[in-house]
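*Asks:* Have a look at this one before I ask anything.
The values are calculated or read from the model by the stated rules, or taken from the named source; none is laboratory data. What you are looking at is a predicted structure, and each value in this text was computed from that prediction instead of being measured. Neighbour counts are summed over all protein chains in view; Cβ atoms, including those assigned to glycine, are modelled from backbone coordinates with ideal geometry.
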Amino acid sequence: MRHRVSSSLTMGITARPPPGGTCTQSSERRVAAMARGKQQGSADMLSDAGTGRLTMGGGDVGAARERSRRRRLWTLFLLLLLPAAYLWGRLISGDPLDIFDLSLPSIDPMLLIPALFFLALIAVLVGSTIGAGRSPHVTYRPEQIDVTLDDVKAIDPVKDDVVRSLNLFLAHKAFSSEMGGTPRRGLLFEGAPGTGKTHLAKAMAREAGVPFLFVSATSFQSMYYGATARKIRSYFKALRKAARQEGGAIGFIEEIDAIAMARGGLSMTAHPTTSSSSVMCCGGLEGLPTQYAAAAPGIVGGAQSGGLVRNLAGMTSEGVGGVVNELLVQMQSFDDPTGFQKLHTWFVDKLNLYLPAHRQLSRPVPPSTNVLVIAATNRADNLDPALLRPGRFDRRLTFEPPTKAGRRELIDFFLAKKAHHQELDAEEQRDSLASVTQGYTPVMIEHLFDEGLVNALRRGDQAMNRQDVERARLVEEVGLGQPVAYTEHEKELIATHEAGHAVTAWLVAPQRRLEVLTIIKRRDALGLLAHGDAEDVFTRSREEMTGLIRIAMGGQSAEELFFSDISTGPSGDLLYATNVAAQMVGAAGMTDTLISYAAVQGSALSDTNLVGRVLSDKDGRERVERILQEQKSHTRALLHENRHLVEALRDALTERHELIGREITDVLEEAQKRHRELLVDVRTSAAEGATTLGG
Ligand SMILES: Nc1ncnc2c1ncn2[C@@H]1O[C@H](COP(=O)(O)OP(=O)(O)O)[C@@H](O)[C@H]1O
Ligand SMILES: [Mg+2]
């Protein structure tokens, strides 16, 4: 399978081999396509564009490029013809030109120096004026880029669509003349930072085989009034010119939101975090963990994806309107005539004034230039809606954080390049890494391994192991561990609290994976339990939601059981539990009400988040309180029954300070086993005692 993919990539832009074909069939097709070469019929070309097998030299772009190459050669030939004829004539007339004998006329330096000075002055003035309006782009040739489509992992749907757009771009003439379609003019890449927008654009640049004009939207900005619009104009002019010269050109505008914000009003959409892995941080009163704060609008997992917060606020920015308008105009400028064509038209118009109606010359039709503009942004909802209408950036491609399979692919891809121990080659290790990195973008996964390598170096090793990666993940997600000297009592309290969480999680939520249990202080958390879904999940059942509340209550319940008192530690837990409970009551209809508090609009309540809406309502508040109290007493009873587990984990924690992955479950399983043996022992000795008594 892989062989087929890479083999078809070498000849054109192909993300996938055509469906239903074997290795040999695919290479036969390739040979056939090569044989067709540049004479490829437009019908073939179109069908190839659909299935993703278009060759670089074959499409309309290749043909146009060949035409302009020949035209250039002819121009050069004609230009050289005149001097050659002159030299040849002198040679024939017996007076050949000796270029070594040519002497420059002598000029008085007193005249030359002031003349040069004024020339330099004029050059500086003209240069700075022209420079202020110059296009800030950088042109890349395919061979200058080392990223190929093969290096783009885990975003196959987007990649496929991009390949289709590229194929259409290459076969644009056939597509518009045969099928009457309008080729795509603009693609908008939207997605969180690090999801691979620039990466994919680079790969496209390499595969497209036409000049790629990279520009960062911020570089259009200028302190001179009107210069931003001029720079945008020059950029599009450069694009059109490159497209005319090479049969096509692709423009890439990075972070387009810098120049394309909505005019007049700004609409913002906050995407709540989609990570379903949560960290039970337990700190002082003021130490509310950031995870909870971020999760507040639409807490835990599935329900979040629907939790868009749209906030319209009037905001205008000086000059934005003009710049956006320029962009709108330029996006439609691809059929603009060149300077020469304008002159031609002017000439024809003037001539037609003297000609009778039936002898009028026809005005030249400007040929359309084949340009594809790609813009990348992570704030697509802020863009001016006019830019997104069909004909401009009409194709929106969303870059999502990769799925579990995608992350696995990325892990394989990055680990192939980074030094690691053999343990990280094991299938289950890689699968488990893919599981624990839910919500990570590709760049975060790459960074995780880089940090893992740094940890390995710190250990004095040249390759990383799982522990190094796990430590890096902890630092990434929660923060750097800070050595603080807890008092003996505090240490025991924190260890008991964390053990309470972990034991509850182990007992009530077997589908969750216990990742890290630590009593080392990190940021605001004195200790923490990190636990996540074993698989990627997009919805949650009531059982799972109550499970999450119980896990949160585990810490406080353990404190009560073992110390008959509670500390400020659980404040973060209660925040989390309240969020989950409010979600159950106010949005998910998981209690005895089906009302969605999220639907409230235009009232005093609608000014706040879901938790605020639920809690401001007397009934809602009672329901939340009831859920929390019920789950807490349930958790207390559970931990009371399983004191031995809490004790075992507490002791392991006070001794080792940090348990990672299997180390946590090992302690629990061991304690459970010992407890069962003890029970059996007690029962047997009791039975024996009874027999002795009876005997
Ligand atoms: N799909 C991917 N496959 C492989 N590497 C990727 C992918 N996406 C991102 N990366 C890595 O992450 C880095 C940053 O990605 P980039 O494209 O700059 O993100 P952004 O979406 O912010 O433009 C890239 O240089 C590349 O190393
Ligand atoms: Mg980028």
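*Asks:* Out of everything in the range 528-543 that is among the charged types (D, E, K, R) and in contact with a helix residue (DSSP H, G or I) (Cβ under 8 Å, 6 or more places away or on another chain), what residue ends up being nearest to T665 (Cα to Cα)?
*Replies:* Among residues in the range 528-543 that are among the charged types (D, E, K, R) and in contact with a helix residue (DSSP H, G or I) (Cβ under 8 Å, 6 or more places away or on another chain), the one nearest to T665 (Cα to Cα) is D533.
*Asks:* Something else now. Suppose we filter the range 125-157 for residues that are within 16 Å of ligand 2 (Cβ to nearest atom) and among the basic types (K, R); how many remain?
*Replies:* 0
*Asks:* Right, something else. Looking at the range 316-429, what helices (runs of 4 or more DSSP H) fall wholly within it and have at least 3 residues that are at negative phi, surrounded by 12 or more Cβ atoms within 10 Å (Cβ to Cβ) and more than 24 Å from the chain's Cα centre (by Cα)?
*Replies:* Working: elements: 320-330, 339-352, 404-415.
In the range 316-429, the matching helices (runs of 4 or more DSSP H) lie at 320-330, 339-352.
*Asks:* Out of L507, L474, L493, report the one residue that is touching a residue at least 40 places away in the same chain (Cβ under 8 Å), outside the structural domain of I549 (by TED's automatic domain parsing) and in a helix (DSSP H, G or I). Before you say what the answer is, go through the steps one by one.
*Replies:* Working: L507 fails: outside the structural domain of I549 (by TED's automatic domain parsing); L493 fails: outside the structural domain of I549 (by TED's automatic domain parsing).
Going through L507, L474, L493 in turn, just one is touching a residue at least 40 places away in the same chain (Cβ under 8 Å), outside the structural domain of I549 (by TED's automatic domain parsing) and in a helix (DSSP H, G or I): L474.
*Asks:* For R430, only one of the following conditions fails: (1) within 16 Å of ligand 2 (Cβ to nearest atom); (2) of a type in the set (D, E, K, R); (3) under 18 Å from L474 (Cα atoms). What is its number?
*Replies:* That leaves (1) as the condition not met.
*Asks:* With the condition kept exactly as written, say whether any residue in the range 351-367 is charged (D, E, K, R) and modelled with pLDDT of 90 or more. Even if it seems obvious, please write down each step before you answer.
*Replies:* We begin by selecting, within the range 351-367, every residue charged (D, E, K, R); these are 359, 363.
Narrowing the set further to residues that are modelled with pLDDT of 90 or more leaves none.
No: the range 351-367 contains no residue that is charged (D, E, K, R) and modelled with pLDDT of 90 or more.
*Asks:* To continue, here is another question. Tell me, which strands (runs of 3 or more DSSP E) lie completely within the range 212-292 with 2 or more residues that are modelled with pLDDT under 90 and under 30 Å from R522 (Cα atoms)?
*Replies:* Details: elements: 212-216, 249-254, 265-270, 278-282.
Passing ranges, in order: 278-282.
*Asks:* Any residue that is assigned to a loop (DSSP other than H, G, I, E, B), over 30 Å from Q245 (Cβ atoms) and touching a Lys or Arg at 6+ places or on another chain (Cβ under 8 Å) - is there at least one of those in the range 131-146? Walk me through how you get there before you give the answer.
*Replies:* If we filter the range 131-146 for residues that are assigned to a loop (DSSP other than H, G, I, E, B), which is where we start, we get 133-137, 141, 145-146.
If we keep only those that are over 30 Å from Q245 (Cβ atoms) as well, we get none.
Looking through the range 131-146, none of the residues is assigned to a loop (DSSP other than H, G, I, E, B), over 30 Å from Q245 (Cβ atoms) and touching a Lys or Arg at 6+ places or on another chain (Cβ under 8 Å).
*Asks:* How many residues does the range 167-202 hold that are within 16 Å of ligand 1 (Cβ to nearest atom) and part of a loop (DSSP other than H, G, I, E, B)?
*Replies:* Within the range 167-202, the first condition is being within 16 Å of ligand 1 (Cβ to nearest atom), and the residues that meet it are 187-202.
Narrowing the set further to residues that are part of a loop (DSSP other than H, G, I, E, B) leaves 192-196.
Total satisfying the criteria: 5.
*Asks:* I've got another one for you. Confirm whether L213 is in contact with a Pro (Cβ under 6 Å, 6 or more places away or on another chain) and away from ligand 1 (no atom under 16 Å from the Cβ).
*Replies:* On the way: in contact with a Pro (Cβ under 6 Å, 6 or more places away or on another chain): no; away from ligand 1 (no atom under 16 Å from the Cβ): yes.
Judged against the criteria, L213 is not a match.
*Asks:* In the range 398-443, what residues are touching a Lys or Arg at 6+ places or on another chain (Cβ under 9 Å) and farther than 23 Å from V454 by Cα?
*Replies:* Within the range 398-443, F399, P401, P402, G406 qualify.
*Asks:* Quickly run through the range 384-397 and pick out the residues that are over 25 Å from H172 (Cβ atoms) and either within 16 Å of ligand 1 (Cβ to nearest atom) or among the basic types (K, R) (or both).
*Replies:* Taking the range 384-397 and keeping what is over 25 Å from H172 (Cβ atoms), we get 384-385.
Across the range 384-397, there are no qualifying residues.
*Asks:* When you check A227 against the structure, is it in contact (Cβ under 8 Å) with a residue 40 or more places away in the chain, surrounded by 20 or more Cβ atoms within 10 Å (Cβ to Cβ) and of a type in the set (A, V, I, L, M), yes or no? Steps first, answer last, please.
*Replies:* Values: in contact (Cβ under 8 Å) with a residue 40 or more places away in the chain: yes; surrounded by 20 or more Cβ atoms within 10 Å (Cβ to Cβ): no; of a type in the set (A, V, I, L, M): yes.
It is false that A227 is in contact (Cβ under 8 Å) with a residue 40 or more places away in the chain, surrounded by 20 or more Cβ atoms within 10 Å (Cβ to Cβ) and of a type in the set (A, V, I, L, M).
*Asks:* State which residue is surrounded by the fewest Cβ atoms within 10 Å (Cβ to Cβ) when the search covers only the range 430-443 and only residues that are of a type outside the set (G, A, S) and within 15 Å of ligand 1 (Cβ to nearest atom). Show your work before the answer.
*Replies:* From the range 430-443, those of a type outside the set (G, A, S) are 430-431, 433, 436-438, 440-443; that's our starting set.
With within 15 Å of ligand 1 (Cβ to nearest atom) added as a condition, the list becomes 437, 440-443.
Numbers: T437: 26, Y440: 25, T441: 22, P442: 24, V443: 15.
Filtering the range 430-443 for residues that are of a type outside the set (G, A, S) and within 15 Å of ligand 1 (Cβ to nearest atom), the one surrounded by the fewest Cβ atoms within 10 Å (Cβ to Cβ) comes out as V443.
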